[in-house]
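Only the coordinates and a few stated rules stand behind these numbers; no lab work does. Owing to the predicted nature of the structure, the values given are computational and were not obtained by experimental measurement. A quick note on method: Cβ atoms are made from the backbone with ideal geometry, for glycine too, and the neighbour counts reach across all protein chains shown.
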Amino acid sequence: MKRRVLCVLLIVALLIPVAAQAMTPRAPSAYPDIIFNGTTATCTADIYADNATDRITATMILYNGTRQVDRWTASGTGELSFSFPAEVESGVTYRLYIRYSVNGVQRTPAEIQKTCP
């Protein structure tokens, strides 16, 4: 009797469908942005690592031409999003540059350039 019950349970367990999907691997990436509001720029960065446990260290630098306006650093694990304000001038073009590493390995920097209205 026990054997029969075990066989029935095994058959039922095999009939239960299990959906499985492979995770899509993602490459480390960084996305900078500058949002202007009058003479204040909000400089943002969204950085993603390969895995949720990877350590991210980032430096974000705002430039006016070749002159450094401001600089910020942040760190996190897996995903890192941060933003900081900076004083800017209307009509001037600014460049936001992000240098970052994942688990101590430098990655390709990212940058964006926008003009303050």
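Counting other Cβ atoms within 10 Å, which GluC sites (Glu not before Pro) in the range 32-109 have at most 13 and lie in a DSSP loop?
Numbers: sites: E79, E87, E89; in loops: E89.
The qualifying sites are E89.
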Checklist entry - About its Cα centre, what dipole magnitude does the range 25-115 give when the only charges are +1 on Lys and Arg Cβ and -1 on Asp and Glu Cβ, stated in debye to the nearest 20? => result 220 debye
Checklist entry - Hey, fewest Cβ within 10 Å first, where do S90, S83 land in order? => result S90, S83
